[in-house]
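The values are calculated or read from the model by the stated rules, or taken from the named source; none is laboratory data. In this text the structure is predicted, and so the values were computed from the model without any measurement. Cβ atoms come from the backbone with ideal geometry, glycine included; neighbour counts cover every protein chain shown.
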Amino acid sequence: MEMFLSLVYTQQCIHNSQIITSMSFDIDDGDREHYYRQYGKPDKRWPALRRSRLIFWASIAAGTLLLLFLLSRFHAREVSVDWHSYAYSLYATDAHSLCNAILVFDSLKRLGSRAERVLLYPKQWDTYVASNTDRTSQLLTIARDQYDVNLLPIGLLGQDGATPPGEGLSSESNWDASITKLRAFDLTPWKRVLHLDADITLLKNLDHLFLLPSAPVAMPRAYWADVPAPDPNQSQPWPLTSLLLLLEPSRAEFSVLLDTLREWRTNPNVTSHGDGKKYDMDLLNYHFGSSALVLPQRPYALLTAEFRNTDHTAYLGPSGKWDAQAVLDEAALVHFSDWPLPKPWTQWSSDALAEMQPKCEGQPLESSCAERKIWKGLYEDFRMKRRDICKILSNPAPVWTKWKADHGAS
């Protein structure tokens, strides 16, 4: 309406101006004054007014056309993506990790992920629910029926080859089984696979990572790790972390990784950790450390331990400013890592909590300490989801002093 009135007003001004111009040599000043009183004086500003309004509406039209063009390009790209050729993968080695994987699948569904979902699980399990206490079978059927997960039975991998799964809720598999993650390289029906650790809280949709430039592997930096001693012949960056592993499946790569594992197993001089073993992260860094596409730890690899730290330079960079809530809001996922504190499916004792929770120095009230509220909230949210989705309660809290001694932290 405003535009229509503007046009009418402009035409009236043009009409008045034309009349006055045509009459300027035929009427005297008295007649001109009489005309002005009857029709009004012509607005000499109309050319500038007209130009400004034309520029305004032309800008609106151009912006609208540009937006429609960009949306059409985006829609065309979305339509052209075959999401069935991409998949998220997780693996389960015991009932606890199976539940954790389902929590990730639940987040993927809630966040609107379009890629397929794959669960690698021990071939000793099945989907026949023999009784009300058969939790693994119950959880497998939940994954398949409620979250459209492709169930793929596999043999678990460990340091010494095949390794058995944990049995029931009272038995957890050991760290050796983390080698099973390498089986994601064998998922050749999919063009690209995004493998996630199950001990995470997923906060954002990660579908966009599938559309990154082609690379055999993409992983974030393990910003919390110690940087290796400098080698004068080559740079020594932080190692990569396999908690998020974007890969292009290849049976040839899988075979090479297994060959390396066998070679390390027979070589007593090859060690990495205090137990003298190497794990999936070591293998992946050995093969891809200098060639992987590196993802930023912000937002793809935030640890819960970051909320307990006092120095955040490694995560934020030297110029970053710490804001606990802003960091959480930015994060795509949070990985539960507060060694030697147990993982979130095990309860804490009061002395463990007192020792390990964020200190909140200089803040008299816990309610004003964002770090502690966020840190506790992440653990409590994880436990509530396990209870509500998997119908599994957390393990009882261990004796803290014994737990630390058993895990080399006394």
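Output the residue which, of all residues in segment 145-162 that are assigned to a loop (DSSP other than H, G, I, E, B) and closer than 29 Å to Arg387 by Cβ, is modelled with the lowest pLDDT. First the steps, then the outcome.
Restricting attention to segment 145-162, the residues satisfying the condition of being assigned to a loop (DSSP other than H, G, I, E, B) are 148, 155-156, 159-160.
Within this subset, residues satisfying the condition of being closer than 29 Å to Arg387 by Cβ are 148, 156.
Details: Asp148: 98, Leu156: 90.
The selected residue is Leu156.
Annotation note: Cβ proximity below 8 Å between a residue of segment 384-410 that is exposed (fewer than 12 other Cβ atoms within 10 Å of the Cβ) and a residue that is in a helix (DSSP H, G or I) (sequence gap 6+ or interchain) occurs for Ser410/Thr401; Ser410/Lys404. Apart from one condition, Thr133 fits all of (1) in contact with a helix residue (DSSP H, G or I) (Cβ under 9 Å, 6 or more places away or on another chain); (2) at negative phi; (3) in a loop (DSSP other than H, G, I, E, B); the exception is (1).
Just to be sure, is Tyr286 under 30 Å from Ile179 (Cα atoms) and at pLDDT below 95? So Tyr286 fits the description; yes.
Looking only at segment 325-338, which residues are in contact with a helix residue (DSSP H, G or I) (Cβ under 8 Å, 6 or more places away or on another chain) and under 17 Å from Ala301 (Cβ atoms)?
Those that are in contact with a helix residue (DSSP H, G or I) (Cβ under 8 Å, 6 or more places away or on another chain) and under 17 Å from Ala301 (Cβ atoms): Val327, Leu328, Glu330, Ala331, Ala332, Leu333, Val334, His335, Phe336, Ser337, Asp338.
Quick one: in segment 94-125, which of the residues that are polar (S, T, N, Q) and either farther than 17 Å from Asp145 by Cα or buried (at least 22 other Cβ atoms within 10 Å of the Cβ) (or both) is farthest from the chain's Cα centre (by Cα)? Show your work before the answer.
Here is the first cut: in segment 94-125, the ones polar (S, T, N, Q) are 97, 100, 107, 113, 124.
Of the ones still in play, those that are also either farther than 17 Å from Asp145 by Cα or buried (at least 22 other Cβ atoms within 10 Å of the Cβ) (or both) are 97, 100, 124.
Working: Ser97: 19, Asn100: 16, Gln124: 32 Å.
The residue in question is Gln124.
Taken over segment 374-410, the criterion of being more than 19 Å from His335 (Cβ to Cβ) and part of a helix (DSSP H, G or I) is satisfied by Arg387, Asp388, Ile389, Cys390, Trp400, Thr401, Lys402, Trp403, Lys404, Ala405, Asp406.
Looking only at segment 300-337, count how many residues are in a helix (DSSP H, G or I) and either among the hydroxyl-bearing types (Ser, Thr, Tyr) or surrounded by fewer than 19 Cβ atoms within 10 Å (Cβ to Cβ) (or both). Show your work before the answer.
Our first condition is that a residue be in a helix (DSSP H, G or I); within segment 300-337, this holds for 300, 304-307, 313-316, 324-330.
Filter again for either among the hydroxyl-bearing types (Ser, Thr, Tyr) or surrounded by fewer than 19 Cβ atoms within 10 Å (Cβ to Cβ) (or both), leaving 300, 304-305, 313-316, 324-326, 329-330.
The number of residues fulfilling the criteria is 12.
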